[in-house]
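Taking it in order: structure first as structure tokens, then the write-up.
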């Protein structure tokens with residue numbers, strides 16, 4: 001288990017600070033993560049990787065000459081926010097565009113894609129290749145749905161080498177896609193991992209048993225078996241990967257392959273060497289030519305005891321690029337020429353306070369109600385953080401509670417600062433929304449940012465918003481979530497509670513009910529709908545790959561939404577709410 005931490009919510013930020021302090025030769029801190037501390041040639045494509053923290057050396061440990069130019073580093077097991085990804089990309093850009101590559105997880109896709117859209121709107125070319133190497137997470141007919149695990153290393157390295165060789169953005173994309181297509185991984189685990197401050201692991205494996213095909217965030221595997229011998233494990237891994245040759249590889253015999261035996265955090269190197277001894281013999285028996293074998297930790301899962309095998313099937317271009325020298329904090333190959341250091345003083349943080357827009361007294365009074373509502377949100381999350389994490393651990397990665405806690409706490413700080421500076425209701429809630437999305441990261445952080453910003457847009461910074469405006473804002477937030485996250489009713493997500501909440505609120509207001517009464521009825525509808533998700537099979541998010549584990553347990557995103565709208569309802573029903581104005 002994880003033993004050393006201060007405040008769990010501060011762990012990721014403090015980890016990055018320490019990582020930069022220890023590796024200033026390679027990286028410098030920027031908003032959202034790290035970029036190279038050495039100069040890159042003007043006109044070189046910038047390769048930006050990233051994902052949640054907890055997987056070191058992925059992702060910051062792979063930044064340096066010959067590999068990545070920057071890494072967006074989210075909270076533990078949570079994707080970086082859109083703001084974080086954009087900030088890292090902007091700092092890494094060398095004038096030839098930005099290439100994003102990361103594991104195929106819902107929150108990462110949402111936030112990296114949104115950052116990519118922002119860059120393009122600013123005139124910066126940007127493209128993406130997601131890593132989909134995990135053969136256990138979807139059948140070959142749906143390989144675009146597979147998640148990324150230790151195969152991140154091969155795709156990242158080929159993309160970085162291509163940029164180093166002067167490939168333009170389109171060419172980097174093309175060769176990275178080929179590298180992804182020729183990368184296959186399969187993993188097992190013997191114990192779960194425990195996040196800082198958590199009392200229990202995200203998942204557990206019975207003594208003497210092994211989880212097969214699990215994800216690097218603790219997502220359940222596809223099977224379980226007795227722990228085999230080291231040779232037995234090697235045979236299982238090799239047999240599964242050789243049963244699915246990538247497109248373009250006609251036969252294993254004579255193929256050139258880079259094997260990567262990856263430790264997930266607690267498995268000792270000596271154990272992996274025993275396993276690799278048999279892997280090497282099996283590959284040789286298959287007629288495979290082994291090139292540059294890797295045994296070590298390349299994509300971990302905190303303190304999880306487990307391992308995965310990756311096979312990277314080379315062609316002439318990929319093998320040539322693989323020989324590019326690399327010098328990063330955690331991964332070095334060949335000899336890199338001395339690099340010129342960047343003047344860090346030339347870069348400034350972008351977190352300076354921005355003046356608040358003008359507001360009238362009525363809107364400032366409404367802003368006080370907004371702050372009270374956000375206080376209720378944060379308190380409710382604090383009360384339920386462990387249960388939300390437990391629900392999420394059933395078929396997900398168990399971080400929903402702590403992610404919601406980070407987001408709501410940041411939102412409350414931002415709302416209080418804005419209101420204290422004289423902001424109106426719209427600005428106060430917008431600042432809270434942005435802080436929530438930024439600090440929570442992940443899918444839920446992005447979607448709560450969408451909801452709160454949409455509601456804020458209808459509050460205004462003048463006058464007192466009426467019930468119709470609030471209902472319209474909630475409806476806009478509901479549409480924004482479905483447009484952004486692509487989930488629909490029945491997918492077992494927060495949408496299953498959000499849509500009934502929005503529709504009931506709008507109907508109540510339209511029928512003449514006051515905001516407090518209409519909100520209370522809508523909160524009941526959301527609660528009922530959230531509980532009903534227990535019978536659904538997940539079709540979106542990380543749980544979708546092993547959805548049967550979630551049947552019988554309600555969706556944590558839907559439950560948290562129901563809890564929070566219920567808490568806000570109590571604020572609106574209080575003695576001095578200032579959000580209603582005249583009833584239409």
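Odds and ends about this structure:
- Whichever residue in the range 198-211 is within 15 Å of residue 307 (Cα to Cα) and under 27 Å from the mean Cα position of the chain (by Cα) and, among such residues, is surrounded by the most Cβ atoms within 10 Å (Cβ to Cβ): 211
- Subset of the range 392-427 [surrounded by fewer than 24 Cβ atoms within 10 Å (Cβ to Cβ), in a helix (DSSP H, G or I) and at pLDDT below 95]: 401, 405, 409, 410
- Of 503, 488, all but one fail to be farther than 21 Å from residue 417 by Cβ, not assigned by TED's automatic domain parsing to the domain that holds residue 82 and not in a helix (DSSP H, G or I); the exception is 488.
- The listed residue being free of Cβ contacts under 8 Å to residues at least 12 places away in the same chain and surrounded by fewer than 24 Cβ atoms within 10 Å (Cβ to Cβ), out of 125, 139: 139
- Selected residue [more than 26 Å from residue 322 (Cα to Cα) and either in contact (Cβ under 8 Å) with a residue 40 or more places away in the chain or assigned by TED's automatic domain parsing to the domain that holds residue 262 (or both)] from 70, 74: 74
- Some residue of the range 138-145 being within 23 Å of residue 247 (Cβ to Cβ) and part of a loop (DSSP other than H, G, I, E, B): yes
- Among the residues of the range 149-173, those identified as without any contact (Cβ under 8 Å) to a residue 60 or more places away in the chain and in contact with a strand residue (DSSP E or B) (Cβ under 9 Å, 6 or more places away or on another chain) are 155, 170.
- Restricting attention to the range 1-35, the residues being modelled with pLDDT of 95 or more, within 16 Å of residue 77 (Cβ to Cβ) and surrounded by 20 or more Cβ atoms within 10 Å (Cβ to Cβ) number 1.
- Residue 451 being in a helix (DSSP H, G or I), buried (at least 21 other Cβ atoms within 10 Å of the Cβ) and out of contact with any helix residue (DSSP H, G or I) (no Cβ under 6 Å at 6 or more places or on another chain): no
- Against the test of being modelled with pLDDT of 95 or more, part of a strand (DSSP E or B) and touching a helix residue (DSSP H, G or I) at 6+ places or on another chain (Cβ under 6 Å), the options 99, 112 yield a single qualifying residue, 99.
The values are calculated or read from the model by the stated rules, or taken from the named source; none is laboratory data. Treat the numbers as computed from the prediction; the structure is a model and nothing was measured. Quick reminder, even Gly has a Cβ in these numbers, built from the backbone with ideal geometry, and neighbours come from all protein chains shown.
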